[in-house]
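The values are calculated or read from the model by the stated rules, or taken from the named source; none is laboratory data. Remember, predicted model here, so these are calculated numbers, not experimental data. Here the Cβ positions follow ideal geometry from the backbone for every residue, glycine too, while neighbour counts run over all protein chains shown.
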Ligand code: KG4
Ligand code: ZN
């Protein structure tokens, strides 16, 4: 057995400042998360400039917390992983500049990690025996992707959203109902008390065989429903609207994911990203897979939303394949899954 590898990971791509220390990729030593949700709530969504400033305020403190919590010192760390995209450019730059400086000062390898890949790897932390190939649905505030993960670092994107991400649709519908931000957990909670069959909202299955998604039509239908009732001075039942909207989203997500798993002959479906926390989505997968040999897996709630542990895990496996960063690394706000940093381009 070789020496244990400790990865210090940093995540600042949106509104969570997080630092984790991982042992040999899958074991969490610590996963410190500072969420800015309370700061952005009053604006109804994430304000990029405010997010960057708060990352600057918190980053050194949270790294120190991670070391203190683990009884470790910088000299005990073997490499440094950091999210370099996709995400908000100003927010990404804070974590990346910090990680680059740290790697340079400590003379340790720097590992630039793709945030979407990080979400997938949250499942590797949760399920110690999990190995590719499998089918993966990544559903977050910014992304809705159906992916066939063939091997480490090998992804085939089978479908993605053509407009809004699933989490974005939850957030926008919640804002229209005046529920607050982020909308997903609030709608999830209200939906439990509502009737999911009370309102027949549209499902966009798109062309036959297409594995892409579209949520803008559903979002408009819900907004029209709310506004029409407002005009007629009829009070809406937020629990029923939440339950019916959520059902329309999860119906499409689950149907297409199972279709993709069958197409690729996968017996494992993993779900990842903030919307993977949704109880309706989890329940529908379990229900629709009952009569099949396909198994569904999802990470615990804390690992679904943004955190640095998932970045450390993805970074560890990436380092095994030799993909490192250098002092020329820059943030890539629209980074695609499967693209790796190739070093200085000019
Ligand atoms: O993965 P994440 O933390 O950030 C991004 O990378 O985007 O996901 C945040 C998104 C938000 O849109 C939030 O409303 C949604 O995940 N979310 C949920 C739930 N918890 C978080 N959506 C539906 N149901 C939930 N329980
Ligand atoms: Zn995320």
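Comparison of 135, 211, 186 shows that the only residue that is away from ligand 2 (no atom under 16 Å from the Cβ), in contact with a helix residue (DSSP H, G or I) (Cβ under 8 Å, 6 or more places away or on another chain) and under 30 Å from residue 27 (Cα atoms) is 135. Answer with yes or no whether residue 120 is part of a helix (DSSP H, G or I), within 16 Å of ligand 1 (Cβ to nearest atom) and closer than 23 Å to residue 293 by Cα. The answer is yes for residue 120. One residue alone among 311, 294 is in the same structural domain as residue 171 (by TED's automatic domain parsing), closer than 24 Å to residue 132 by Cα and modelled with pLDDT of 95 or more, and that residue is 294. Residue 64 meets all of the listed conditions (1) in contact with a helix residue (DSSP H, G or I) (Cβ under 9 Å, 6 or more places away or on another chain); (2) not in a strand (DSSP E or B) but one, namely (1). Checking each residue in segment 138-152 for being in contact with a helix residue (DSSP H, G or I) (Cβ under 7 Å, 6 or more places away or on another chain) and over 19 Å from residue 257 (Cβ atoms) picks out only 152. Within segment 26-59, being under 30 Å from residue 130 (Cβ atoms) and assigned to a loop (DSSP other than H, G, I, E, B) holds for one residue alone: 26.
To keep it simple, each residue is scored yes or no on (1) assigned by TED's automatic domain parsing to the domain that holds residue 262; (2) in contact with a strand residue (DSSP E or B) (Cβ under 8 Å, 6 or more places away or on another chain); (3) closer than 25 Å to residue 148 by Cα.
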site	(1), (2), (3)
166	yes, yes, yes
180	yes, no, no
187	yes, no, no
190	yes, no, no
201	yes, no, no
209	yes, no, yes
221	yes, no, no
232	yes, no, no
238	yes, no, no
